[in-house]
1. With a point put 7 Å past each Cα toward its Cβ, work out how far residue 41 is from residue 59 in nm, to one decimal.
2. Note the full-extension length gain between residue 324 and residue 267 as 0.36 nm times their separation in residues minus their Cα-Cα distance, in nm to one decimal.
3. Measure nothing but the geometry: give the 0 to 90° angle between the long axis through the Cα atoms of 300-315 and the longest principal axis through the Cα atoms of the chain, rounded to 10°.
4. Measure out, as a whole number of angstrom, how far apart the alpha-carbon centroids of region 395-452 and region 189-221 sit.
5. Can you pull the one-decimal nm distance between simple spin-label points at residue 347 and residue 213, each 7 Å off the Cα toward Cβ?
6. Can you tell me the order of 151-158, 424-431 when each peptide is scored by its average per-residue count of other Cβ atoms within 10 angstrom, highest first?
7. Roughly what % antiparallel, to the nearest 5, for the DSSP beta bridges in the chain?
8. Give the angle, between 0 and 90 degrees and rounded to the nearest 10, that separates the Cα long axis of helix 89-100 from the longest principal axis of the Cα atoms of the chain.
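We did not get these values from a lab; they are worked out from the coordinates using the rules stated. Since the model is a prediction, treat every value here as computed from it, not as a measurement. Here the Cβ positions follow ideal geometry from the backbone for every residue, glycine too, while neighbour counts run over all protein chains shown.
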Amino acid sequence: MHSLHTDSRGPLPLFIAGERRLGRGDDAESLYPATGEVVARLRTASVDDVDEAIRAADHAFRTSTWARRKPHERAAVLYRIAQLIRERAEPLAQRQREDNGKPISETRALVASAAGTFQFFASACETMEEALTPSRGDYFTMSVHEPMGVVAAITPWNSPIASEAQKLAPALAAGCAVVIKPAEATPLMALELAALCEQAGVPPGMVSVLAGRGSVIGDAITRHPLVRRVSFTGGTATGKHIARIAADKMMPVSMELGGKSATMVLDDADLDHAINGVLYGIFSSSGESCIAGSRLFVARSRYAEFMDRLAAKAAALRVGDPCDERTQMGPLITPRHRESIERHVAVGLAEGGTLRIGGRRPEGALYERGNYYLPTIIEGLDNRATISREEIFGPVLVAMPFDDWDDLVAQANDSVYALAAGIWTGDYRKAWALGRAVQAGTVWINTYKQFSIATPFGGWRDSGLGREKGRLGIQQYMEQKSLYWGLNPHPLAWAD
Ligand code: NAD
């Protein structure tokens with residue numbers, strides 16, 4: 001097993017008010033999910049640190065000229081960050097593997113995606129256009145956008161560098177100062193990104209990293225009067241809590257929340273494609289993915305054949321050491337999270353579900369110290385069962401046959417979540433009709449879990465509010481303003 005870069009020199013500093021210094025909050029540790037070893041120690045932020053960092057961020061926003069630089073000048077710094085991420089790609093991927101236990105092949109892809117995100121928003125920044133709107137009088141009218149000021153990025157533990165880049169890059173492109181609150185379990189990538197921003201020339205104080213408990217530090221950031229927007233990715237309950245606080249401040253938020261995505265295999269699907277797609281959709285990232293295709297609907301006429309083949313392939317997935325390039329599923333983030341998955345599986349079985357595969361921890365020396373759980377498929381339940389309704393956020397698939405089109409559409413849409421969906425069919429007309437009928441922010445047709453930073457992403461209903469990514473992602477961090485320029489040679493007639 002790859003050695004850990006444990007830091008025996010004491011706690012890591014945070015980024016507070018333009019300085020690298022220890023927080024004044026509690027001690028915390030990042031633990032390697034594959035072994036439980038300490039990867040790094042931190043001294044987290046205190047509520048006073050939050051106030052200091054946000055005041056300094058506001059000062060930096062108003063005085064550092066970052067917001068007033070020409071777009072191509074800001075873009076040059078963002079390009080440089082992309083380049084620095086690429087230069088450090090392997091150590092960053094190894095560091096993220098240690099911080100959250102994902103297989104190295106996945107963390108390499110996340111690091112590449114973070115670099116691509118900075119590159120994309122650099123180009124979006126320097127090519128963003130404002131509008132000259134049609135005039136209806138003796139004036140001409142323009143619509144322009146101004147940076148909001150200090151914005152907060154609150155992120156979960158499942159894909160840290162990618163989700164942090166997805167907020168940091170457009171916010172910096174917009175000219176904002178950014179306060180990042182990484183998840184308790186995975187603070188390291190935000191610290192790495194802040195260091196690269198500093199190295200690339202982002203002015204001091206514009207990027208802070210305030211690691212700490214969500215209910216204390218995340219809450220204090222959200223309530224702070226100088227924070228003008230929160231971009232949140234995480235659980236739906238937390239998102240609703242933040243949105244309630246935001247309502248009192250009349251503060252815009254964007255919410256990337258949970259999911260219970262339906263994957264639908266029609267009777268004319270190419271089963272080789274569908275099997276690989278369904279497996280990737282639910283079991284990659286060990287199911288710790290907001291877009292995991294966790295509800296599977298298969299046409300009854302193909303159900304038995306499909307499930308036999310799917311179960312055989314799922315049982316052969318390589319669960320194990322995240323350092324191994326061939327590993328498909330690493331450990332889960334924490335022992336506590338694994339217990340919550342085990343409770344969900346127990347509820348599924350108590351409600352009449354039957355285990356097709358998995359439903360337990362793997363056995364053997366390799367697995368003893370890590371939070372491993374086997375790929376699990378449960379059958380015999382319907383879409384009303386608890387585990388068909390609640391997000392499990394682990395490697396657990398609920399499989400159900402469907403009878404006809406209306407039955408499929410009704411069941412797929414019968415969820416409080418509406419983040420993503422997958423359709424497997426050989427008929428483009430059905431793909432189109434179902435793609436339009438299914439309620440979800442993203443629909444994959446004959447593929448799954450593919451992403452482009454150029455394409456907007458977000459959820460409907462309890463899966464979220466607002467969109468990230470895409471060229472217009474920058475404008476989330478800006479306020480729109482209309483300008484009227486009078487051209488009338490005479491004074492306004494009304495007052496005469
Ligand atoms: P979580 O909601 O527990 O935590 C997310 C972040 O919010 C963490 O940084 C946490 O410290 C912080 N937080 C917690 N309480 C807070 C509070 N009161 N005020 C402010 N901040 C607070 O979620 P998690 O367990 O870290 O992540 C898993 C969840 O994230 C799943 O539901 C998953 O679906 C969702 N997720 C969604 C997307 C998406 O893009 N839609 C992507 C990844 C994960």
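1. Distance between the two pseudo-spin positions: 3.1 nm.
2. Full extension of this stretch gives 16.8 nm more.
3. It works out to around 80 degrees.
4. For region 395-452 versus region 189-221, the Cα centre distance is 38 Å.
5. The answer from the label model is 2.5 nm.
6. So the order, starting with the most tightly packed, is 151-158, 424-431.
7. The antiparallel fraction comes to roughly 45 percent.
8. 60 degrees
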